[in-house]
Ligand code: GRF
């Protein structure tokens, strides 16, 4: 199964995915796209010889579709990607676009809920448990069907940064698990509960 991974920043989820898919795996990263030319994950992709594309206009569906077709992409993974996917792309790849979100959706999701804002909201709400979600992407931020979730405890005295780091470590294990399950099944499938996370 050939993946395209869309990023906007450092790409730590991309790093985890590349590490989880050594040569010979049932899935491989065939393309990395970003809306930001300075995204750190682009350098990582280049270091691994993975083709990259900077989207001059992230709303230009043709640019997405041409690149996804040219690289024979089967599954689009949004990993720290902070813009909406053009509706025409969602249509063409419906059921084959994943997103990882650093909270237990539907809680703490939706427009503007990304990065440390998510964890600030979790702490402000006094939640004692949070976690990570991998879900299918549709036209609305963070709404598509959930494929897998993993819980993370909120510790007393947690700052958004400490909580973000604890959740990120789980994201780095949850996303590869969902991608490998999709490769085995030939399409994205929900992970059986309770989710078994690879170490
Ligand atoms: C992660 O928490 C991810 O869930 C969110 O963006 C954050 C940064 O991701 N969508 P990455 O380090 O760029 O992969």
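Miscellaneous remarks
- The long axis of helix 61-70 is offset from the longest Cα principal axis of the chain by roughly 70 degrees.
- Note on 71, 135, 172, 116: ascending count of other Cβ atoms within 10 Å places them as 116, 71, 172, 135, the fewest first.
- Structural descriptor for the stretch 139-199: relative contact order 40 percent, calculated from alpha carbon pairs under 8 angstrom and at least 6 residues apart.
- Helix 160-185 axis versus longest C-alpha principal axis of the chain: approximately 50°, rounded to the nearest ten.
- Largest GNM mean-square fluctuation among 14, 65, 42, using the chain with Cα springs under 10 Å: 65.
- Where a label projected 7 Å from the Cα of residue 59 along Cα→Cβ would reach, residues of the stretch 86-111 with amide N under 13 Å: 86-88
- The length gained on full extension between residue 124 and residue 69, counted as 0.36 nm times the residue separation minus their Cα-Cα distance, comes to 15.5 nm.
- Using the Cβ-Cβ distance between residue 83 and residue 161 with R0 set to 22 Å, the FRET efficiency from 1/(1 + (r/R0)^6) comes to roughly 0.40.
Just so you know, all these numbers are worked out from the coordinates, no wet-lab data involved. Keep in mind that this is a model prediction, so the values were computed, not measured. For neighbour counting, all protein chains shown are included, and Cβ atoms are generated from backbone atoms with ideal geometry for every residue, glycine included.
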